[in-house]
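Right, one structure below, let's go through it.
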Amino acid sequence: MKIYAHRGASSDFPEMSRAAYMGAIDQGADGFECDLRLTRDGVIVAWHDRDLKRLIGSQLEIARSTYSELMSIHPLLTLDEIIDIAIAHKKDLALETKHPVPTRGAIELAVAHCLQTRKVEIAESGIDIALMSFSRTAIVRARARGVATVFLSTHWLPLKLTRMSSQGPSIALLRKYPGLKRADQKTFVWTVDTAEDALLCQRSGVDVLITNKPGFIRQVLQNG
């Protein structure tokens, strides 16, 4: 089972910061999860919220601001910078696109274009990259452009929906249905921060565990 750092090692560092992703490397994460949004001028940035209010105290909205305007307030990482870190350190990526957003499906198209542009170096690095979303439309859009996908969910999904993609149940859903893992499909579970839940993921055959505490979870799994 692989351990992905949720927005980096966000229990110990500011989420989605370079320090959080570098900290995740130091803590032994196998990959990173990051949330992606599109700025008004088309730059893909790693940011969870629609604006900067919660973390920075600014009312600037990602979709309605230029990259330059946002960077004047706070240093946001771009998708290209995330990929640079991942390639340099051989770390997988789970890229979540947020919906609904004013830019609608433009984010999946932009991500697919970026991954296609960097296809050769990504392949040479050997890392795995998947796009995640709660939106079925976003998943269909990404898959149509050759991007591996993870369909996120907080409730049981019909088999016909999960067949199109790897599944991404919440840890609460896995607790309720510990046998939901299918042999023909990868399962990504979020967000797993306790020893009990980590061991449940291990027993359930989960492929990727997403956590805010990659170092702690690594120790839990090593100690059994």
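We did not get these values from a lab; they are worked out from the coordinates using the rules stated. Quantities reported herein were computed from a predicted structural model and do not represent experimental measurements. Positions of Cβ are generated from backbone atoms using ideal geometry, with glycine treated the same way; all protein chains shown enter the neighbour counts.
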| If only one of Ala94, Ala88 is closer than 26 Å to Leu209 by Cβ and out of contact with any Gly (no Cβ under 7 Å at 6 or more places or on another chain), which one is it? | Ala88
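Identify, please: which residue in region 165-191 is without any contact (Cβ under 8 Å) to a residue 24 or more places away in the chain and in a strand (DSSP E or B) and is, among those, surrounded by the fewest Cβ atoms within 10 Å (Cβ to Cβ)? Don't jump to the end; show me each part of the working.
In the first step, residues of region 165-191 are kept if they are without any contact (Cβ under 8 Å) to a residue 24 or more places away in the chain; the result is 167, 169-170, 172-173, 176-177, 182-185, 187, 189.
Now drop any that are not in a strand (DSSP E or B), which leaves 167, 169-170, 187, 189.
Values: Gln167: 22, Pro169: 25, Ser170: 17, Thr187: 22, Val189: 29.
Result: Ser170.
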| remark: When (1) more than 18 Å from the chain's Cα centre (by Cα); (2) not in a loop (DSSP other than H, G, I, E, B) are applied to Leu209, the one that fails is (1)
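Of these, Ser11, Ser17, Ser72, which one is surrounded by fewer than 23 Cβ atoms within 10 Å (Cβ to Cβ) and over 19 Å from the mean Cα position of the chain (by Cα)?
Details: Ser11 fails: over 19 Å from the mean Cα position of the chain (by Cα); Ser17 fails: over 19 Å from the mean Cα position of the chain (by Cα).
Among Ser11, Ser17, Ser72, only Ser72 is surrounded by fewer than 23 Cβ atoms within 10 Å (Cβ to Cβ) and over 19 Å from the mean Cα position of the chain (by Cα).
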| Of the numbered conditions (1) basic (Lys, Arg); (2) surrounded by 14 or more Cβ atoms within 10 Å (Cβ to Cβ); (3) at negative phi, Arg104 satisfies every one except a single condition; which is it? | (3)
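This table checks each residue for (1) closer than 14 Å to Ala94 by Cβ; (2) touching a Leu at 6+ places or on another chain (Cβ under 7 Å); (3) of a type in the set (Val, Ile, Thr).
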position	(1), (2), (3)
Val111	yes, yes, yes
Thr154	no, yes, yes
Pro178	no, yes, no
Lys181	no, no, no
Val189	yes, yes, yes
Ala198	no, yes, no
Ile217	no, yes, yes
Asn223	no, no, no
